[in-house]
Amino acid sequence: MTAGTIVLLRHGRTAYNAAMRLQGQIDIPLDEVGRWQAAEGAAALVASHRASRIVSSDLVRAVDTASAYAALVGAPVTTDPRLRERSFGRWEGLTPEEMAAGWPAERDEWRRGGEPRGIGAETKVEVAARMVDAALEHAEELGGDECLVVVSHGAAISLAITGLLGLDAAGWRGISGMNNVHWSHLHRSAQGAVPEWRLVAHNVGAGYPLDRWQAGPHVDLEPEPKSA
């Protein structure tokens, strides 16, 4: 037996997200906007997916996002360190400009989808493997009509989807990143079908325009001008 549905949910915004700093496995909490996103996103997610099990990265930004959803579902949150963000080694905490200034060649290689050496980052294959192993292990304890919600991080989720779809994590770059407190929905294929999981929806959120979502609850944005 295994869950019929896996939902992969990204955590809410942090101060590092707002400053465009690469977080990796730095354990930084949600900021005010992130806490609001977690609450709003939880209300939207529970309307379409009620998890039988909720499992989260053990980093606090993921745990707090998971807890906002769990409070509505009435289920506990289990943590699993295999669901942490990809480790980016010496680049963690840096802005793109700082990365480019200190490691111009490595930064260019990374932007082309390569694996830059000398910075101590996890490889994409390593991250995909641990994410898929964790998700499937937790899913195996559920029935086919049940849903597993996995709360994790942007790069880790993209690689998990790649792995679950049976794609090459080392070279495939077709799964785009996710906004804060947005989710992807995968459904188990029919027995014997390949791949075993299919991507039903990606980067789904609470329905706010992205600029409003990133600005948070206390900012009144000017409406977009109507075309003539």
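The values are calculated or read from the model by the stated rules, or taken from the named source; none is laboratory data. Not measured: the values here are computed from a predicted model. All Cβ positions, even for glycine, are placed from backbone atoms using ideal geometry, and neighbour counts span all protein chains on display. With ligands, DNA and RNA removed, areas are computed over all heavy atoms of the protein, side chains included. Shrake-Rupley method; radii C 1.70, N 1.55, O 1.52, S 1.80 Å.
Show me the helices (runs of 4 or more DSSP H) entirely contained within region 110-228 in which 1 or more residues are within 17 Å of Gly24 (Cα to Cα). Full working, then the answer.
Numbers: elements: 124-139, 154-164, 210-215.
Because the criterion is at least 1 residues that are within 17 Å of Gly24 (Cα to Cα), the helices (runs of 4 or more DSSP H) in region 110-228 that meet it are 124-139, 154-164.
For region 93-109, what are the residues that are touching a residue at least 40 places away in the same chain (Cβ under 8 Å), in a helix (DSSP H, G or I) and open to solvent by 20 Å² or more (accessible area, probe 1.4 Å)? Passing the criteria: only Pro96. Scanning region 110-135 for residues that are touching a Leu at 6+ places or on another chain (Cβ under 9 Å) and surrounded by 18 or more Cβ atoms within 10 Å (Cβ to Cβ) turns up Lys124, Val127, Ala128, Arg130, Met131, Val132, Ala134, Ala135. For region 75-92, the tally of residues that are open to solvent by less than 30 Å² (accessible area, probe 1.4 Å), more than 14 Å from Glu126 (Cα to Cα) and either polar (S, T, N, Q) or in contact with a helix residue (DSSP H, G or I) (Cβ under 7 Å, 6 or more places away or on another chain) (or both) stands at 2. Is there a residue being in contact with a Phe, Trp or Tyr (Cβ under 7 Å, 6 or more places away or on another chain) and in contact (Cβ under 8 Å) with a residue 60 or more places away in the chain anywhere in region 50-61? Yes, some residue in region 50-61 is in contact with a Phe, Trp or Tyr (Cβ under 7 Å, 6 or more places away or on another chain) and in contact (Cβ under 8 Å) with a residue 60 or more places away in the chain. Considering Val181, Val149, the condition of being over 18 Å from Gln23 (Cβ atoms), within 13 Å of the chain's Cα centre (by Cα) and either in contact (Cβ under 8 Å) with a residue 40 or more places away in the chain or surrounded by 14 or more Cβ atoms within 10 Å (Cβ to Cβ) (or both) is satisfied by Val149 alone.
Within region 37-53, identify whether any single residue is open to solvent by 60 Å² or more (accessible area, probe 1.4 Å) and among the polar types (S, T, N, Q), and answer yes or no. There is at least one residue in region 37-53 that is open to solvent by 60 Å² or more (accessible area, probe 1.4 Å) and among the polar types (S, T, N, Q). Close Cβ contacts (under 7 Å, 6 or more residues apart or on different chains) running from residues in region 14-38 that are at positive phi to residues that are open to solvent by less than 50 Å² (accessible area, probe 1.4 Å) comprise Met20/Thr95; Met20/Pro96; Gly24/Glu85; Gly24/Arg86; Gly24/Ser87; Gly24/Phe88; Gly24/Glu92. In region 192-214, the residues that are over 15 Å from Ile157 (Cα atoms) reach residues that are crowded, with 16+ Cβ neighbours inside 10 Å and of a type in the set (A, V, I, L, M) with C-beta atoms within less than 6 angstrom, at least six apart or across chains, in these pairs: Pro195/Leu165; Ala206/Ala44.
Every residue, every condition in (1) closer than 18 Å to Ser158 by Cβ; (2) in contact with a His (Cβ under 9 Å, 6 or more places away or on another chain); (3) not acidic (Asp, Glu), yes or no:
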{"residue": "Val77", "(1), (2), (3)": "no, no, yes"}
{"residue": "Leu83", "(1), (2), (3)": "yes, yes, yes"}
{"residue": "Arg86", "(1), (2), (3)": "yes, yes, yes"}
{"residue": "Gly102", "(1), (2), (3)": "no, no, yes"}
{"residue": "Arg111", "(1), (2), (3)": "yes, no, yes"}
{"residue": "Gly114", "(1), (2), (3)": "yes, no, yes"}
{"residue": "Ile119", "(1), (2), (3)": "no, no, yes"}
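Is it the case that Val7 is under 23 Å from Lys124 (Cα atoms), touching a strand residue (DSSP E or B) at 6+ places or on another chain (Cβ under 9 Å) and hydrophobic (A, V, I, L, M, F, W, C)? So Val7 fits the description; yes.
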